[in-house]
Amino acid sequence: MSLYRNTVWFLKGLQEYTKGGYEAAARLFNEADLEVNVSGRSFIITGANSGIGKAAACEIAKRGGTVHMVCRNEDRANEARKDVVEQSKNENVHVHLVDMSSPRKVWEFASGFSQNHNLHVLINNAGCMVNQRELTEDGLEKNFATNTLGMYILTTALIPTLKKSENPRVITVSSGGMLVQKLNVEDLQFEKGSFDGTMAYAQNKRQQVIMTEQWAAQHKEIHFSSMHPGWADTPAVQSSMPDFHERMKNKLRTEAQGADTVVWLAISDAASRQPSGLFFQEKRFLRICLWPPPGLHQLKTRS
């Protein structure tokens with residue numbers, strides 16, 4: 001990413017992606033959109049033990065949904081479940097231990113889940129930003145394995161189950177960082193040139209958006225969407241981007257603010273009336289192109 005593009009994107013972020021950006025956008029939100037009872041509907045949320053995933057799990061559980069929390073660490077997952085149950089007063093919260101960087105484990109989970117549960121909404125939230133190039137035990141670059149391949153396998157495996165449900169949806173938590181990356185299918189695992197974890201993450205997030213568009217075109221029965229949660233103060237940001245967090249911590253959104261559009265996409269009737277396959281920010285979809293030229297004027301927001 002060029003210095004110019006980096007600067008333009010960061011200035012846009014200061015205006016839109018911070019707590020102040022959320023508060024400005026929230027003045028136009030329709031609070032009634034989230035006054036929904038989702039009892040009887042089943043939700044999978046990956047990466048649900050902390051951050052945006054946990055905040056989304058709590059909000060959905062408060063509205064009566066059955067929540068399946070897909071997490072990697074058992075202790076953190078059980079602690080998160082306890083918090084969600086206490087806050088929501090809803091016992092229909094379940095933990096599933098899955099390493100999203102392992103294709104085999106993701107496939108086995110999806111296959112087993114489909115045999116034993118129904119599913120209305122899949123929220124692809126799990127992700128990682130590894131700043132040094134690392135390989136999984138399967139020989140896959142870790143960011144790609146978790147953010148792209150794991151999400152692809154899980155979604156693909158669960159599509160038949162989703163199609164059996166009423167008003168099925170798939171929401172993928174992407175990132176505004178993907179706006180600075182052109183899709184590069186020639187080097188999916190970042191084997192060429194120097195490795196930059198931040199840019200690898202952004203490329204993964206671009207891949208997620210493109211996959212969402214492709215799925216929407218192929219599977220008309222399911223409502224697909226991707227979204228940018230803004231810059232939220234989550235454990236993942238604190239650990240993966242410590243310098244950024246230190247500079248921006250007073251401006252970052254809360255986890256609940258970051259999860260707000262996720263929840264809206266997952267449960268509201270207003271979201272399901274939007275065309276499938278779009279990319280959202282602040283409950284609005286953004287018109288984006290594959291390689292946005294530098295300049296704030298290139299991004300246009302529609303209600």
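Normalised by the number of residues in region 56-196, the average gap of Cα pairs under 8 Å and 6 or more apart makes the relative contact order 22 percent. Amide H to amide H distances under 5 Å link Ala48 with Val70, where only residues 5 or more positions off or on other chains count and H is placed in the peptide plane.
Taking each pair of different alpha-carbon atoms in the chain once, compute 1/r for the pair, average those values, and report the inverse of that mean as the Kirkwood hydrodynamic radius in Å to one decimal.
On the way: mean 1/r = 0.0518 Å⁻¹.
This gives a value of 19.3 Å.
About the Cα centre, and with charges only on the beta carbon of Lys, Arg (+1) and Asp, Glu (-1), how big is the dipole of region 24-78? Nearest 20 debye, please.
On the way: 7 positive and 6 negative charges, 18 e Å.
Here the size comes out at about 80 debye.
Each peptide in 41-54, 215-228 gets a packing score, the mean of other Cβ atoms within 10 Å over its residues, and the list from highest to lowest is 41-54, 215-228. Using C-alpha pairs under 8 Å with a sequence gap of at least 6, the mean separation divided by the residue count of the chain gives a relative contact order of 21 percent.
Can you tell me how region 121-162 classifies by the Cα gyration tensor, rounded, prolate or oblate, using a/c under 1.5 as the rounded cut?
Values: a/c = 4.84, a/b = 2.06, b/c = 2.35.
Oblate shape, in that a/c is at least 1.5 and b/c is the bigger or equal ratio.
The overall shape of region 1-82, judged from the alpha-carbon gyration tensor, is oblate: a/c is not under 1.5, and a/b is no greater than b/c.
As a fraction of the 1.4 Å probe accessible area of the chain, surface on carbon and sulfur atoms comes out at 48 percent.
When DSSP beta bridges are limited to those with both residues in the chain, what percentage is antiparallel, rounded to the nearest 5? Can you show the working numbers first?
Values: 7 of 33 bridges.
Of those bridges, close to 20 percent are antiparallel.
Label separation (Glu186 vs Asn167): 4.6 nm, computed from points 7 Å beyond Cα along the C-beta direction. Couplings 3J(HN,Hα) for region 118-135, derived from phi with the Karplus relation 6.51 cos²θ - 1.76 cosθ + 1.60 (θ = phi - 60°), are 8, 8, 9, 9, 10, 10, 7, 10, 4, x, 8, 10, 9, 7, 10, 5, 10, 10 Hz, where x marks Gly and Pro. Considering only Ile60, Tyr17, Asn73, the residue lying farthest towards the positive end of the dipole of region 1-116 is Tyr17, judged by Cα position with unit charges set on Cβ.
Ranking Val170, Asn184, Thr198 by Cα position along the charge dipole of region 165-209, where only Lys, Arg, Asp and Glu carry charges on their C-beta atoms, puts Val170 farthest toward the positive end. Between region 170-243 and region 65-120, the alpha-carbon centres lie 22 Å apart.
For a Förster distance of 51 Å, can you work out the FRET efficiency between the beta-carbons of Asn78 and Arg287, rounded to the nearest 0.05? Walk me through the numbers on the way to the answer.
Numbers: r = 42 Å, r/R0 = 0.83.
Between Asn78 and Arg287 the formula returns 0.75.
Geometric descriptor of region 86-147, per residue, is 116 Å³ (volume of the convex hull of the Cα atoms).
With bins 10 Å wide beginning at 0, the percent of Cα pairs of region 80-222 falling in each bin runs 11, 36, 34, 16, 2, 0.
Roughly how big is the chain's charge dipole about its Cα centre, with Cβ charges of +1 (Lys, Arg) and -1 (Asp, Glu), in debye to the nearest 20?
Values: 35 positive and 32 negative charges, 161 e Å.
My answer is approximately 780 debye.
Nothing charged except the Cβ atoms of Lys and Arg (+1) and of Asp and Glu (-1): what's the magnitude of the dipole of region 47-116 about its Cα centre? Round to the nearest 20 debye.
Values: 10 positive and 9 negative charges, 29 e Å.
The calculated dipole for region 47-116 is roughly 140 debye.
Using a probe of 1.4 angstrom and keeping all protein chains present, the accessible surface of region 39-129 works out to 42 square angstrom per residue.
List the residue ranges in the chain for DSSP H helices whose C-alpha atoms run 15 angstrom or more along the long axis and whose Kyte-Doolittle average is -1.0 or above.
On the way: long enough: 3-16 (19 Å, -0.27); 51-62 (17 Å, 0.55); 74-88 (21 Å, -1.75); 103-116 (20 Å, -0.84); 151-163 (18 Å, 1.17); 197-218 (31 Å, -0.78); 255-267 (18 Å, 0.74).
Qualifying helices, which must be both long enough and hydrophobic enough, are 3-16, 51-62, 103-116, 151-163, 197-218, 255-267.
The values are calculated or read from the model by the stated rules, or taken from the named source; none is laboratory data. What you are looking at is a predicted structure, and each value in this text was computed from that prediction instead of being measured. All Cβ positions, even for glycine, are placed from backbone atoms using ideal geometry, and neighbour counts span all protein chains on display. Note: areas computed on protein heavy atoms with side chains; ligands, DNA, RNA excluded. Shrake-Rupley method; radii C 1.70, N 1.55, O 1.52, S 1.80 Å.
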